[in-house]
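Single-structure report; data block below.
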Amino acid sequence: MKKIAVLTSGGDAPGMNCAIRSVVRTALCLGLQVYGVMRGFRGLYEDDFVDLNSRSVSGIINKGGTILRTIRFPEFKNLAVQEKCFENLKEKKVDALVIIGGDGSSRGAYSFYKNFRFPVCVIPASIDNDIYGTDFTIGFDTAVNTALEAIDRIRDTATSHERIFVIEVMGREHGFLAIEVAIAAGAEIVLIPERTFTIEQVIKKLEKDRQLGKVSSLVIVAEGAGKAHEIAAQINERMPGAEARYSVLGYIQRGGVPTYQTRCLATMFGNHAVKCLIDGLDCFMVGVQREKLCPVRLEEVVSCSKEIPEEKLKIIEEMAT
Ligand code: ADP
Ligand code: F6P
C-alpha cells in the first residue's frame with residue numbers, strides 16, 4: 001500500500017478535523033502518501049483531490065467542522081456515479097479510501113466496496129451516536145456537552161418563572177443524544193423517535209410532578225419524535241395553570257471546540273484505521289467497544305441497528321420523582 005485518500009461525508013461533527021489530522025499524520029509516519037477529497041463523495045466524483053502533508057493538518061485539532069468540507073450526495077447511490085469515482089481513484093493510484101462519516105456514509109462505503117472491491121475504512125463520525133458496532137461516534141460527546149450547557153441555562157429561567165420547558169435536540173431518526181442529555185440535565189421526560197407517546201401521557205407525568213411539589217419540569221424531545229413548539233402549545237392548552245415554553249437547540253450541537261473525549265477518540269480512530277488498512281483489512285469500520293478499539297465488518301455495521309438502552313430510560317423515570 002502506497003497511497004490513501006480521506007474524505008468527510010454526510011452531517012458534519014466536531015472532531016472530524018482531529019480524525020483527518022490523525023489519518024494524515026499516521027499515514028505519513030508509516031510511509032504512505034495521502035490525498036484529501038473535498039466535499040465527500042461528490043469530490044470523489046468531481047476528481048477534487050488535494051495533496052495533504054503534515055502541515056496541511058496543523059492547528060486543526062481544536063477546530064470543529066471539517067477542512068475537507070462535507071455534503072450530502074445522494075447521487076452516489078447510482079452505479080455510474082460510483083464507477084466514475086472508482087476511475088478517479090485508480091487514475092491517481094490510490095490504494096484505499098478512508099471515509100469519516102455517519103451511518104449513511106457507512107452504507108455508501110459498503111455499496112462502493114461491493115461494486116468495486118475497493119478497500120474502504122469508515123471512521124464513525126456523527127453527533128447522533130447511532131452507528132452499530134461502536135459505543136461512541138466522533139462528535140457525540142461534544143454535542144451532548146454543548147446541549148447540556150444550553151439546558152443548564154434554560155433550567156435557571158425555568159426555575160425562576162416556575163415554567164415547563166420543552167427542549168428540542170438533534171436526532172432525526174434516533175434518540176441516543178436525547179437520552180444522554182436527559183440523564184445529565186436531570187430532565188423529567190425524554191421523547192425519542194424509537195418510542196411512541198401521547199400528549200396525554202406527557203401531561204399526566206407533568207401533573208404528577210406538580211403534585212410532588214416540582215416548580216418546573218424539563219422535557220427533552222429529539223427532533224424526530226416531535227416539535228418542541230407543538231408540544232409546548234398542547235401543554236398550555238391542556239394543562240390549566242401551566243406555563244410551557246420551548247427552545248430548539250438546532251445546529252449549535254453540530255459545531256464547537258471538540259471535547260477531550262472527542263479529540264482522543266478521533267485521534268485513536270484515525271491511527272487505527274490506517275494501521276488496519278496496512279494490515280490488509282478492506283471493508284470495515286473502526287469502532288470502540290468497552291474502551292477497546294476494534295475493526296467491525298461493514299456488512300455487519302450496515303445490516304444491524306444499535307439498541308436503545310432501556311435501562312437508561314428507566315433511570316430517567318426513577319430520577320424524575
Ligand atoms: P451521514 O453519513 O451523516 O448519515 P447521509 O445519510 O447523508 O449522512 O449519508 C452520506 C452520504 O452517503 C450520502 O449523501 C450519499 O452520498 C451516501 N449514501 C448514503 N446512503 C447510501 C447508500 N445506501 N448507497 C450509496 N451511497 C449512500
Ligand atoms: O445526522 C446528524 C444530524 O445532525 C441529525 O441529528 C440531524 O437531524 C441531521 O443531521 C440534520 O441534517 P442536515 O445537516 O442535512 O440539516
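The values are calculated or read from the model by the stated rules, or taken from the named source; none is laboratory data. Note that this is a predicted model, so its numbers are computed, not measured. When we count neighbours, we look across all protein chains shown, and the Cβ atoms used for this are built from the backbone with ideal geometry, even at glycine.
So the values come out like this:
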quantity: Qualifying residues in segment 112-171 (those that are of a type in the set (S, T, N, Q) and more than 23 Å from the chain's Cα centre (by Cα)) - the one surrounded by the fewest Cβ atoms within 10 Å (Cβ to Cβ); calculated: 160
quantity: Subset of segment 72-108 [touching an Asp or Glu at 6+ places or on another chain (Cβ under 8 Å), outside any helix (DSSP H, G or I) and away from ligand 1 (no atom under 13 Å from the Cβ)]; calculated: 96
quantity: Count of residues meeting criterion [away from ligand 2 (no atom under 16 Å from the Cβ) and touching a strand residue (DSSP E or B) at 6+ places or on another chain (Cβ under 6 Å)] in segment 113-138; calculated: 6
quantity: Test set (1) more than 19 Å from residue 321 (Cβ to Cβ); (2) in contact (Cβ under 8 Å) with a residue 24 or more places away in the chain - residue 198 fails condition number; calculated: (2)
quantity: Hey, residue 192 within 22 Å of residue 234 (Cα to Cα), within 15 Å of ligand 2 (Cβ to nearest atom) and crowded, with 18+ Cβ neighbours inside 10 Å or not; calculated: yes
quantity: Count - residues of segment 109-127 that are within 8 Å of ligand 1 (Cβ to nearest atom) and without any contact (Cβ under 8 Å) to a residue 60 or more places away in the chain; calculated: 2
quantity: Only listed residue being within 16 Å of ligand 1 (Cβ to nearest atom) and either closer than 30 Å to residue 217 by Cα or free of Cβ contacts under 8 Å to residues at least 40 places away in the same chain (or both), chosen from 245, 254; calculated: 254
quantity: Residues within segment 241-274 that are more than 16 Å from ligand 2 (Cβ to nearest atom), part of a helix (DSSP H, G or I) and surrounded by fewer than 16 Cβ atoms within 10 Å (Cβ to Cβ), tallied; calculated: 2
quantity: Scope segment 77-111; condition surrounded by fewer than 22 Cβ atoms within 10 Å (Cβ to Cβ) and in contact with a Gly (Cβ under 6 Å, 6 or more places away or on another chain); matching residues; calculated: 104
quantity: Every pair of residues 6+ apart whose Cβ atoms lie under 7 Å, when the first sits in segment 296-309 and is under 16 Å from residue 105 (Cβ atoms) and outside any helix (DSSP H, G or I) while the second is small (Gly, Ala, Ser) and modelled with pLDDT of 95 or more; calculated: 296/133; 296/287
quantity: Residue identified as among the aliphatic types (A, V, I, L, M) and in the same structural domain as residue 191 (by TED's automatic domain parsing) among 266, 244; calculated: 244
quantity: Where residue 10 falls short, out of the listed (1) assigned to a helix (DSSP H, G or I); (2) within 16 Å of ligand 1 (Cβ to nearest atom); (3) surrounded by fewer than 24 Cβ atoms within 10 Å (Cβ to Cβ); (4) not hydrophobic (A, V, I, L, M, F, W, C); calculated: (1)
quantity: Matching residues, segment 1-42, being in contact with a strand residue (DSSP E or B) (Cβ under 6 Å, 6 or more places away or on another chain) and farther than 24 Å from residue 103 by Cβ; calculated: 3, 24, 27, 32, 33, 34, 35
quantity: Given (1) assigned to a helix (DSSP H, G or I); (2) among the aliphatic types (A, V, I, L, M); (3) buried (at least 19 other Cβ atoms within 10 Å of the Cβ), index of the condition residue 218 fails; calculated: (1)
quantity: Checklist (1) free of Cβ contacts under 8 Å to residues at least 24 places away in the same chain; (2) assigned to a strand (DSSP E or B) applied to residue 35, failing item; calculated: (1)
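Results for (1) within 21 Å of residue 95 (Cβ to Cβ); (2) within 16 Å of ligand 2 (Cβ to nearest atom), shown as yes or no for each residue.
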{"position": "5", "(1), (2)": "yes, no"}
{"position": "18", "(1), (2)": "no, no"}
{"position": "25", "(1), (2)": "yes, no"}
{"position": "55", "(1), (2)": "no, no"}
{"position": "65", "(1), (2)": "no, yes"}
{"position": "75", "(1), (2)": "no, yes"}
{"position": "78", "(1), (2)": "no, no"}
